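Everything below concerns the one structure shown next.
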C-alpha cells in the first residue's frame, strides 16, 4: 500500500526500529544520537509551519476582490491591510461604520484588521459579532479560534479550531499542531495525541504517536505525563530507542 508523504517522513525514523534483524539493531545503536535529533527536527519544522498560519490565514480574506460578492467599499481598507497599514484600515472602516451603521460585512472586515494588527481581544469581539451576523462565515470562525489561541485562551479556541479541522479534506500540519497545543494547555492529553498523530498520518494509538506526544510534552515541561507517554511507547514497542532516550 502506498504511504502518504507525511507517513514517509516518520517512516524513515521508525521503520528500522521494529525490525528483528540483529545487524539492523546494531546499526540502530550506532545511529542512536542521530535519530534522537531527527525527531525534534521534524517537530520544529511542524512548529515553524504552524506559526505561519497566524499571519497567512487572514491573507485570503484581505486579498479577495470586491467582485466576490462583498461590498466594493471594502476594497480600500483591504488594500491598506495588504500594505500593513492596519491603523489606517481600521480608521477607514470606522468611518464607514459611522456613516453606514449596520453595514453588512463590516464586523468581519474590522475583525480581520484587528487580527492582522495583533489586537486579539478586539478581534475576538468583532469576529464574534461577525459570526452572529453570519454563522456560516468560515474565515471568521478560523480567525476567532486563532485569536483565542494567541490570547492564551485555548479552551475557547478549541471548539472553533475543531470546526476548521473538520472542514479540511485531509490532515493539515498547521491546524493539527495548533489544535494539539490547545489540548495540551487544557490538559486533554488523549486528544492532543490524536491531533499530533494526525500531523504525520499516524495511528493515534501507535508507539510513534505516543512518542511524538511525549516529546511535545517534555518540550513544554509537562514531565509526569510526558514520562507516562514515553513509557507507553516503550510498552507498545520495546525496541524504540528514542523513547528510552527521552526517559534518560
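Listed conditions (1) at pLDDT below 95; (2) assigned to a helix (DSSP H, G or I); (3) under 30 Å from residue 94 (Cβ atoms) are all met by residue 111, apart from (1). Does at least one position in the range 209-216 carry a residue that is surrounded by fewer than 23 Cβ atoms within 10 Å (Cβ to Cβ), outside any loop (DSSP other than H, G, I, E, B), in contact with a helix residue (DSSP H, G or I) (Cβ under 8 Å, 6 or more places away or on another chain) and at pLDDT 90 or above? No, the range 209-216 has no match at all.
Restricting attention to the range 95-133 and to residues that are more than 15 Å from residue 144 (Cα to Cα) and loosely packed, with under 14 Cβ neighbours inside 10 Å, the residue that is farthest from the chain's Cα centre (by Cα) turns out to be 99.
The values are calculated or read from the model by the stated rules, or taken from the named source; none is laboratory data. Source: prediction; values computed, not measured. Don't worry about glycine lacking a Cβ; one is built from the backbone with ideal geometry, like all the others, and counts go over all protein chains shown.
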